[in-house]
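To start, the structure under review is shown below, and the notes come after it.
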Amino acid sequence: MLARKRAGGSCLGSKIIPGATIKDKYSVNGREDSKVANNDSTCTVRVAFHSTSMFEVWFITGVSSGLGFEMALQALQQGFRVIGTVRNKQRAAKEITAIEGAGGTIVVLDITDAEACYRVFAEADKIHGQIDVLVNNAGASYLGALEDFTYVTITIYWGAALTCKRIDSDEEVQAQMDLCFGAPYRLIRAALPSYRRRRTGTIVNISSSAGIDGIAACGLYAASKFALEGFSEALAREVEVYNVKVVIVEPGAFRTNFLGAYIRSKSTTNLVHYPAAQASFDKFDAWSGKQPGDTVKGAAAIVRVASGKGTNGPQVGKAMRLPLGNDCVARLEAKIKSMKDDLDGNRSLSESTNHDDLK
Ligand SMILES: NC(=O)c1ccc[n+]([C@@H]2O[C@H](COP(=O)([O-])OP(=O)(O)OC[C@H]3O[C@@H](n4cnc5c(N)ncnc54)[C@H](OP(=O)(O)O)[C@@H]3O)[C@@H](O)[C@H]2O)c1
């Protein structure tokens, strides 16, 4: 890829090289690819780049708290460039100061704003000339008994007469699916053309243990993370030819703001009929602030795997899933066992449905 730099400036078409001069040659993956066009101090230096972790640019959604914030800091500590998104700069002032202080860049984005996703990603792409690692981290959960999403029964008193009105709406269903599936999909679509052209790139989709195992009260959230996981599997197969890697991260319960930020179904009319859902709420409320997962360690594991660095680094592109936390590992093992049990228990029936003329 050809890139441009004004000597003394810092903007390259594809990468920033801090402090570079027109006489510099940049060794990229052991190759020197620079060509000096002329000796004038304002001349253009053309540099051919190939992907290198040295200048990797990370785009992380939801850096105002939790895993996103820690990933941003740790990626910066690793020497990567980070562009992080927040919804509200005032609310995240402290985190922004920390990220910017460490050399990161903040952009404002509500990932449920479709137009803004493409616009902000395109703007971010220009900041350092490219994005190498897209981390779809931002998310939240809509929790409730599934029968309660979403219809509302309104009682209207009209004179002496009593009228009951039921409003059916998929508003909450759509909001959850958009937040945890639609929005990551949009940002991935924004990233793919450049990844494909450059034949490199990494997509990290933060799923959940709920993306492999649905529990009561979390049905809608689980649906959105299952969607993200199925989509990620197919995506990985499509983009493999372009050397683009997809990593699905499955955190268990981490001590972030996550349990404090869940959105309850507008209707709770039917919760009383679903003791398992109520039990989940009781557990979450008791668990908030006491979750076993250490956010700093969780973020470190993600950065290590997504960057191809560290103990498990070489797994990027090999292992697609990164379960995080003992609780997630236990749930994943139970899920695998229950799937295996179902497969074994039904095998003869499952294999009995082909046309008779097929072997
Ligand atoms: N912590 C856990 O136990 C756990 C478990 C499984 C999966 N996860 C997943 O991990 C990811 C990170 O969550 P976390 O645990 O770090 O929780 P968190 O501390 O609540 O952070 C969530 C982040 O997402 C952002 N966000 C929420 N809605 C957004 C929107 N519409 N547009 C842009 N940003 C938005 C939040 O920004 P604001 O500050 O503006 O709200 C915040 O930065 C999520 O995808 C979550 O589903 C977490």
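Derivation of every value follows stated rules applied to the coordinates shown; laboratory data play no part. Computed from a prediction, not measured in an experiment: that's the story for all the values here. Cβ sites come from the backbone with ideal geometry, for glycine too, and all protein chains shown count toward neighbours.
Quick notes on this one:
- Amide H within-cut-off set for VAL247, under 5 Å, with H built and near neighbours excluded: ILE203, VAL204, ASN205
- Charge tally in the Cβ shell below 13 Å around GLN291, where Lys, Arg are +1 and Asp, Glu are -1, GLN291 excluded: +1
- Protection-proxy order for peptides 177-183, 130-136, 109-115, 281-287, each taking the mean of Cβ atoms within 10 Å per residue, highest first: 130-136, 177-183, 109-115, 281-287
- Residue-wise HN-Hα couplings along segment 251-267, as the Karplus relation 6.51 cos²θ - 1.76 cosθ + 1.60 with θ = phi - 60° gives them from phi, are x, x, 7, 10, 7, 10, 7, 4, 6, x, 10, 5, 10, 7, 4, 4, 9 Hz; Gly and Pro carry x.
- Summarising the amide proton neighbourhood of LEU324: residues at separation of 5 or more, or on other chains, whose placed amide H is nearer than 5 Å comprise GLU250, GLY252.
- Extending 7 Å from the Cα toward the beta-carbon at both THR269 and ARG189 defines two label points whose distance is 3.5 nm.
- With all projection directions averaged, the alpha carbon convex hull of segment 53-339 covers 17.2 nm².
- Rounded to 5, the percent of DSSP beta bridges in segment 53-339 classed as antiparallel: 20 percent
- Long pairs among LYS89/LYS245; LYS89/LYS283; LYS89/LYS318; LYS89/LYS165; LYS94/LYS126; LYS89/LYS225, criterion Cα-Cα beyond 29 Å: LYS89/LYS245; LYS89/LYS283; LYS89/LYS318; LYS89/LYS165
- The string of couplings for segment 215-220 from the Karplus curve (6.51, -1.76, 1.60, θ = phi - 60°) is 10, 4, 6, 10, x, 6 Hz, one whole number per residue in order, with x for Gly and Pro.
- Basic side chains Lys and Arg get +1 at the Cβ, acidic Asp and Glu get -1 at the Cβ, and with that the dipole of segment 156-237 about its Cα centre reaches some 660 debye.
- A full extension of the chain between ALA93 and LYS335 corresponds to an added length of 83.1 nm, given 0.36 nm per residue minus the alpha carbon distance.
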